[in-house]
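Okay, structure first, notes after.
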Amino acid sequence: MQLSKRVQQLAESATLAVSAKAAAMKKEGVDVVSFGAGEPDFPTPEFIRNACKTALDAGYTKYANPASGIQAAKEAACLKLKRENGLEYKASQVMITVGGKEALFLASMALLEEGDEAILPSPYWVSYPEQIRLCGARPVIVEGCESRSFKLTPEQIANAITPRTKVLIFNSPSNPGGFTYSPEEVKAIARIIAKTDITVFSDEMYDRLIYGNQRFMSFAAAGPEAYARTLTFNAGSKTYSMTGWRIGYVAGPEPIIKAMAKLQSQTTSGTATFNQHALAVALSGDQTPVETMRKEFERRAEYMHQRLNMIKGVTCVQPTGAFYAFPNVSQAFATLGVGNSLDFSAKVLEKAHVALVPGVAFGLDNYVRLSFATSMEQIKKGLDRLEGLLGKA
Ligand code: PLP
C-alpha cells in the first residue's frame, strides 16, 4: 500500500509529543496543570443547547437542504455580520460549514493551485500551512515582530506579494499571538490589497473576545475594495463555546461561496441540520452569555500577562484578544539547559508539571503558547510552578 504524496507531506503536529506526555502523566495520577486548551472552558449557553434539543424533537435530523446550509442559519449569520461587524451580506453569499476549519480548507481548495502562493503571517494557527500545502500551494511566511505585538506592517505584506500571490491569511484576534489589529492597521493593509487581485481569508473566530481599550475591525469593513476581496470566517466554536458541535460560517463574494458549496456537497454535505438550527438561535438570540465569558477571559488575560512578565527570562506582550498569551521564553532557555521551545516545554512539563505549547508549532521557536481558557485557580497554580522553576525577574 502506498499512501498519497499529499498525505505523506502533511506534517505531524510538533506539539503532539508534549501533549501526549502530559496526557500520560495525568493518567499516572500526576497533577499536571495544562495551558494547552484551544477551547473555552465554559458550557455552551443553555438557550443554545435547548434550541438544539427542540430542533431534534422537531425532526430536523435529515440532510440539510441545500448542502451549503439551511436558510435560517444563513440569515442569522447575515444578521450577526451586520449587527457586530457592519457588513452587508445576502444569504446567497453565506455558507454554513463543519466548524471554521472546514470553511478555511474549502476556501483554499476553491482558490489555490499548484505553484500559487499564500501569504501567511507568523505566528500562525497550526492548520494554515498544512491546508495551503494540501492544495499544492506554497505558504509564504512573513514573521511578525514582537515589538509590534507580532502584527505585520503594510510594507511587510507589500514586500511579500509576487505575481503568484493568490491569498493573504489574516487572523485577528490571533491564535496564538493574542494580538488584535486596530481599525487603522486593518485599513492600511487593505490599501495594499486594494491594488491587487489577492483574496483575503479573514479569520475572525475570536472577534467577540476583545480586551481593554482594543478596537476591532473586520477586514471586509475596511472599504468596498476590501469587501470585494475578502472571505469572512467565523464559527460558533469560540464565541458560544461550541467547539464540539462543529459549526461555522463564511461570507464573501458569491462565485467563491458557490465554488466552496460545490466542494462541500461532494465531500461532507455540511454539518448536522439540528446544529444549524441551534446556530441560528445562537446568532440571533440573547448575547449576554458571550459578554459574561469575555469578561472572565479579560480578567484572566490581565492576570496572566502580569504574572508572566514577573518571571525571570520571560517577556510577554499584552493579549488584546482571543484567549492566549504568547511569551518569549528564549532568555529562560539557559536556565533549563535547552535551546528551543520544544525542549523547553518538555523540561517544564517534566520538572514543574505544567503543559505549554511550544512556539515552533506556530512558526516562532523562541516562544510558547499558554491558553487562559482554564480556571483562575489552575492559572495561578501553573504560574506559581513556572515561577518556582525559572525564578523571579
Ligand atoms: N481559526 C483559528 C485561528 C482557530 O484558533 C481555530 C480553532 O482553534 C479555528 C480556526 C478552527 O475553528 P473550528 O473549531 O470552528 O473549526
Evaluation of ALA103 against (1) in the same structural domain as GLU225 (by TED's automatic domain parsing); (2) aliphatic (A, V, I, L, M); (3) out of contact with any Phe, Trp or Tyr (no Cβ under 6 Å at 6 or more places or on another chain) (one fails), failing number = (3)
message = Checking the conditions here, which among TYR227, TYR249, TYR240 is aromatic (Phe, Trp, Tyr), more than 16 Å from the ligand (Cβ to nearest atom) and in contact (Cβ under 8 Å) with a residue 40 or more places away in the chain?
response = TYR227
query = Quick one: how many residues across segment 311-347 are part of a loop (DSSP other than H, G, I, E, B) and more than 27 Å from LYS21 (Cβ to Cβ)?
reply = 3
remark   = Apart from one, (1) free of Cβ contacts under 8 Å to residues at least 40 places away in the same chain; (2) within 18 Å of PRO173 (Cβ to Cβ) all hold for TYR367; the odd one out is (1)
task = Tell me, please, whether a residue that is away from the ligand (no atom under 16 Å from the Cβ), part of a helix (DSSP H, G or I), within 21 Å of ARG83 (Cα to Cα) and open to solvent by less than 10 Å² (accessible area, probe 1.4 Å) can be found in segment 273-282.
result = no
When residues of segment 80-106 are limited to those that are in contact with a Gly (Cβ under 8 Å, 6 or more places away or on another chain) and among the aliphatic types (A, V, I, L, M), the one farthest from the ligand (Cβ to nearest atom) = VAL94
inquiry  = The conditions are (1) within 16 Å of the ligand (Cβ to nearest atom); (2) in contact with a Gly (Cβ under 9 Å, 6 or more places away or on another chain); (3) open to solvent by less than 60 Å² (accessible area, probe 1.4 Å), and GLU39 fails exactly one of them. Which is it?
reply    = (3)
request  = Quick one: THR180 ticks every box in (1) without any contact (Cβ under 8 Å) to a residue 60 or more places away in the chain; (2) buried (at least 22 other Cβ atoms within 10 Å of the Cβ); (3) not aliphatic (A, V, I, L, M) except a single one, so which number is it?
outcome  = (1)
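The values are calculated or read from the model by the stated rules, or taken from the named source; none is laboratory data. Since the model is a prediction, treat every value here as computed from it, not as a measurement. Because the Cβ atoms are built from the backbone with ideal geometry, glycine has one as well, and the counts that use them run over all protein chains shown. Just so you know, the surface numbers come from the protein's heavy atoms only, side chains and all, with ligands and any DNA or RNA stripped out. Shrake-Rupley method; radii C 1.70, N 1.55, O 1.52, S 1.80 Å.
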